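Engineer: Please see the structure below; I have some questions.
The values are calculated or read from the model by the stated rules, or taken from the named source; none is laboratory data. Predicted, not measured: the structure shown is a model, and the values here were computed from it. Because the Cβ atoms are built from the backbone with ideal geometry, glycine has one as well, and the counts that use them run over all protein chains shown.
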Amino acid sequence: MKGRILVVDDEEIVLKSCERILKPEGYEVSTSSSAPKALEMLGQNGSFDVVITDIKMPGMDGIEFMKKLREKDPDISLVLITGYPSQESIKEALALKIVDYLPKPFSPALLAETAGKAIEFRKKTSHPEAGDFGPEMAGKLTGIINAHKGKPGALIPVLQQAQELVGYLPPAVQRHIAHGLNVPVSEVHGVVSFYSFFTMKPKGKHNIRVCLGTACYVKRAEEILHKLRDKLQIDIGEVTADKQFSLESVRCLGACGLAPVVVVDKDTHGSINPVKALDILTQYQ
Ligand code: FES
């Protein structure tokens, strides 16, 4: 199976032809003639890889529908079937990062090509670091989810253990957890972005946090950050090629009396200067 596609259009004939064309291509195809019903399907059946939707539908138009889809699943691949869209709706569709348009009437070849493109797009956004979240990792993650499933407040402990397992919480992991616990992806994403101890970015073996709060800033913290960036050859939010170090900047670590402060993993290094900062690195190599 190449991927799961949901087609939403109020014209039955469009739904039938999409099914007829896409199924032999190896896709699992679901259809709905109404956007609100399609949203319910998304909740029940977990995530689809791609949603192909008409722009003009009674009840809820394609743009409104896509906005709701994005809230439920930020990485879903969207394709818009268009008749004569207004400039305004094109702008909105672009802002929603649709993969492509399908102008009506479209040929079978164009539909198959667009579906393929949308599935590829989904794979890229869902698994930016596929090596970190392969089938083996997915199995372990499912084990964590099953150990907590049905218990009140399961989401946070599952996220904590998932982060320990994977190292961070990329969209693919968040989606897997949402699926497993039967909660919307938007809820998982909301919790991950609210708590600072969750991270959506990969980290190195040693994570360096440079404080740029006022007390540290006036004592050359920015210079320290530049030195570390130059030495490690990475920018803020990145990881070195050997995965040994990652670099972050933060606003006040609550140790202003020790300014300027750099924290490596759980170790606080205070009253440092640009030269000392580089010496500190050697302790972790
Ligand atoms: S400003 Fe750096 S620790 Fe407070």
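Engineer: Select from region 196-206 the residues that are polar (S, T, N, Q) and more than 16 Å from the ligand (Cβ to nearest atom) and list them in ascending order.
Structural biologist: THR199
Engineer: Just to check your reading of the model, which residue among ARG209, ARG220 is in contact (Cβ under 8 Å) with a residue 40 or more places away in the chain, on the phi > 0 side of the Ramachandran plot and within 16 Å of the ligand (Cβ to nearest atom)?
Structural biologist: Numbers: ARG209 fails: on the phi > 0 side of the Ramachandran plot.
The unique qualifying residue is ARG220.
Engineer: Conditions: (1) modelled with pLDDT of 80 or more; (2) within 28 Å of HIS189 (Cβ to Cβ). ARG20 meets all but one. Number of the miss?
Structural biologist: Result: ARG20 fails condition (2) only.
Engineer: Another question about this same structure. Among the residues of region 83-119, write down those that are assigned to a helix (DSSP H, G or I), in contact with a Ser or Thr (Cβ under 9 Å, 6 or more places away or on another chain) and modelled with pLDDT under 85.
Structural biologist: Passing the criteria: SER89, ILE90, ALA93.
Engineer: Any idea which residue in region 274-285 is surrounded by the fewest Cβ atoms within 10 Å (Cβ to Cβ), counting only those that are modelled with pLDDT of 90 or more and outside any helix (DSSP H, G or I)?
Structural biologist: It comes out as GLN283.
Engineer: Quick check on region 225-263: of everything there that is away from the ligand (no atom under 11 Å from the Cβ) and assigned to a helix (DSSP H, G or I), which residue is surrounded by the fewest Cβ atoms within 10 Å (Cβ to Cβ)? Can you show your working first?
Structural biologist: In the first step, residues of region 225-263 are kept if they are away from the ligand (no atom under 11 Å from the Cβ); the result is 225-248.
This time we only want the ones that are assigned to a helix (DSSP H, G or I), so: 225-232.
Working: LEU225: 24, HIS226: 14, LYS227: 19, LEU228: 22, ARG229: 15, ASP230: 11, LYS231: 14, LEU232: 20.
By that ranking, first place goes to ASP230.
Engineer: Taking into account only those residues within region 1-40 that are within 14 Å of LYS68 (Cα to Cα) and touching a Phe, Trp or Tyr at 6+ places or on another chain (Cβ under 8 Å), which is surrounded by the fewest Cβ atoms within 10 Å (Cβ to Cβ)?
Structural biologist: Among residues in region 1-40 that are within 14 Å of LYS68 (Cα to Cα) and touching a Phe, Trp or Tyr at 6+ places or on another chain (Cβ under 8 Å), the one surrounded by the fewest Cβ atoms within 10 Å (Cβ to Cβ) is LEU39.
Engineer: Select, from PRO157, PRO170, PRO152, the only residue that is modelled with pLDDT under 85 and outside the structural domain of SER77 (by TED's automatic domain parsing).
Structural biologist: PRO170
Engineer: Suppose we filter GLU222, GLU187 for residues that are in the same structural domain as GLY257 (by TED's automatic domain parsing) and not small (Gly, Ala, Ser); which single one remains?
Structural biologist: Working: GLU187 fails: in the same structural domain as GLY257 (by TED's automatic domain parsing).
Among GLU222, GLU187, only GLU222 is in the same structural domain as GLY257 (by TED's automatic domain parsing) and not small (Gly, Ala, Ser).
Engineer: Considering each residue of region 264-273, count those that are surrounded by 14 or more Cβ atoms within 10 Å (Cβ to Cβ) and in a strand (DSSP E or B), and give that number.
Structural biologist: 3
Engineer: Same structure, new question: Of everything in region 60-73, what is out of contact with any Ser or Thr (no Cβ under 6 Å at 6 or more places or on another chain) and farther than 20 Å from ARG4 by Cα? Give them in sequence order.
Structural biologist: MET60, ASP61, GLU64
Engineer: Look at region 20-62 and say how many of its residues are among the hydroxyl-bearing types (Ser, Thr, Tyr) and without any contact (Cβ under 8 Å) to a residue 40 or more places away in the chain. Walk me through it before giving the result.
Structural biologist: Keep residues of region 20-62 that are among the hydroxyl-bearing types (Ser, Thr, Tyr), which gives 27, 30-34, 47, 53.
Among the residues that remain, those that are also without any contact (Cβ under 8 Å) to a residue 40 or more places away in the chain are: 30-34.
Final tally of qualifying residues: 5.
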